[in-house]
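Note sheet for the following structure.
Readers should treat all values here as calculations from the given coordinates under stated rules, not as data from a laboratory. Computed from a predicted model, the values in this text were never measured in an experiment. Quick reminder, even Gly has a Cβ in these numbers, built from the backbone with ideal geometry, and neighbours come from all protein chains shown.
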Amino acid sequence: MKKIIIAIDGYSSCGKSTLAKALAKKLHYLFLDSGAMYRAITYYFIEHKVNTNQLTEVEKALKNIQLSFQFNKETADNHILLNGINVDKEIRSMAINAKVSEVAAIAEVRKFAVAQQQQIGLNKGIVMDGRDIGTTVFPNAELKIFVTADTTVRVERRFKELYASNPNITIEDVKANLEMRDYIDTNRTESPLRKADDAKLLDNTNLNKEEQLNIAYQWAMEKI
Ligand code: C5P
């Protein structure tokens, strides 16, 4: 079977990573959540008090960042390591949510992350999700999917997920953060979030995980 690149993009909390991982598992492909890379960089910037308005500080910090992954072929789980340390949990906090889109809008940060994403996808056989995968990282990806869902549904899904580890969180906090990230991601100068012209649209407002996976799998099989 031919190996292809599958790019899944869309707004925050649309279930892109869940779909990408399930699809990778079903196809025995590698899965990469590119958002985790921007989150890990943001975590480093916060921990090291990097002034993101100072380009020299940003460049210096990036030189000290090494991102690596631990991929489990059976489950398609992909753990992210920042300088050798697993930061899966740390990068999912509201503090990271509040800052990540600002960091991801910095050209040098994007260059750093995109180069690594392209390297990881060199051998194809990969499902990668993010905001610019089908437009910038892999403009020639054989299959591009753009995921959307109603804001209310996205907020409820993300709230349930975050509430489990942080009972102080409110639905208003989650909604404000999603809207802010979508706004910054869509309006930034460097590879803004947009649907690639040749991407297939998947509105999952009324679809469960299995239904989404079946649709995406069928699209993939048409290309493989
Ligand atoms: O996908 P996730 O919500 O974890 O991504 C966190 C943030 O990282 C996004 O809001 C966006 O600002 C940034 N991002 C990006 N490009 C990607 C993936 C994520 O700018 N390919």
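Points worth noting:
- Per residue, the convex hull spanned by the alpha carbons of region 63-132 comes to 118 Å³.
- Partners of K2 within straight-line reach, counting aspartates and glutamates whose Cα lies under 16 Å from its Cα and excluding those fewer than 8 residues away in the same chain: E142, E222.
- Neighbour-limited loop hits for trypsin sites (Lys or Arg not before Pro), region 12-83 (at most 12 other Cβ within 10 Å; DSSP other than H, G, I, E, B): K49, K73
- Relative protection proxy for 184-191, 171-178, from highest mean packing down: 171-178, 184-191 (other beta-carbon atoms within 10 angstrom).
- Structure note, pairs K3/K160; K73/K99; K3/K73; K124/K160: Cα-Cα distances above 25 angstrom occur for K3/K160; K73/K99; K124/K160.
- Region 102-224: radius of gyration over Cα atoms, expressed as a fraction of 2.2 N^0.38 Å: 1.18
- Shape summary: the chain maps onto an equivalent ellipsoid whose semi-axes, from the alpha-carbon gyration tensor, are 26, 21, 17 Å in decreasing order.
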